[in-house]
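Notes follow once the structure below has been shown.
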Amino acid sequence: MAKKQLTGTLEEQCSFLYQLAQEKMASGNYTGAVYALKEIIKYKPDHGDAAQLLVKARLHKKAQTFRLVVSLIGAVIFTGIGSGAGLDNDLWLFAFAFAGLLVGYVVANLVRGQTAH
């Protein structure tokens, strides 16, 4: 998808990007939201609560990345356990990897829940 060239006044462009950032956050695309909010702040730092929303988007992005990394580590560990146990069937190793993803995701949410307070 090509980048869209924005037109209109600076205020109109910032309003468009702000709405886009809100949509990105609502859909869980925190990377996109961070990008849009950084563009707003670069040209109009005092635009509404863009700075506060950027902080919130960055926190959500960090939490999302943490969950992903811990889930992948869980998959690797469980696959290693399956291999160490002598499972030579790929379907069983896949099942262990999937279980590791789930366990990793739960652990990541528990850890994030503990550190959020």
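Values in this text are rule-based calculations from the coordinates and carry no lab data. In this text the structure is predicted, and so the values were computed from the model without any measurement. Here the Cβ positions follow ideal geometry from the backbone for every residue, glycine too, while neighbour counts run over all protein chains shown.
Find me the longest stretch of the chain that has none of the exposed trypsin sites (Lys or Arg not before Pro), where exposed means in a DSSP loop (not H, G, I, E or B) with at most 12 other Cβ atoms within 10 Å. Longest stretch, sites excluded: 5-117.
Charge tally around residue 37: other residues with Cβ under 15 Å, Lys/Arg +1 each, Asp/Glu -1 each, net +4.
Note on the chain: with a GNM built from Cα contacts shorter than 10 Å, the maximum mean-square fluctuation among 91, 20, 37 falls on 91.
Pairs on different chains or at least eight residues apart, Cα atoms closer than 19 Å: how many lysine pairs in the stretch 10-115 fit? Within the stretch 10-115, the lysine pair count is 10.
If contacts are Cα pairs under 8 angstrom and at least 6 residues apart, what is the relative contact order of the stretch 10-115 in percent?
Relative contact order comes out at 21 percent.
Extension gain, residue 23-residue 69: 0.36 nm per intervening residue step, less the Cα-Cα distance, totals 14.1 nm.
Pair-distance distribution of the chain: all C-alpha pairs, bin width 10 Å, starting at 0; shares per bin in whole percent are 14, 29, 22, 18, 12, 5, 0. Once you have a ≥ b ≥ c as the square roots of the Cα gyration tensor eigenvalues for the stretch 1-49, tell me rounded if a/c is under 1.5, and otherwise prolate or oblate according to whether a/b is larger than b/c. Because a/c hits 1.5 or more and a/b fails to exceed b/c, the stretch 1-49 counts as oblate.
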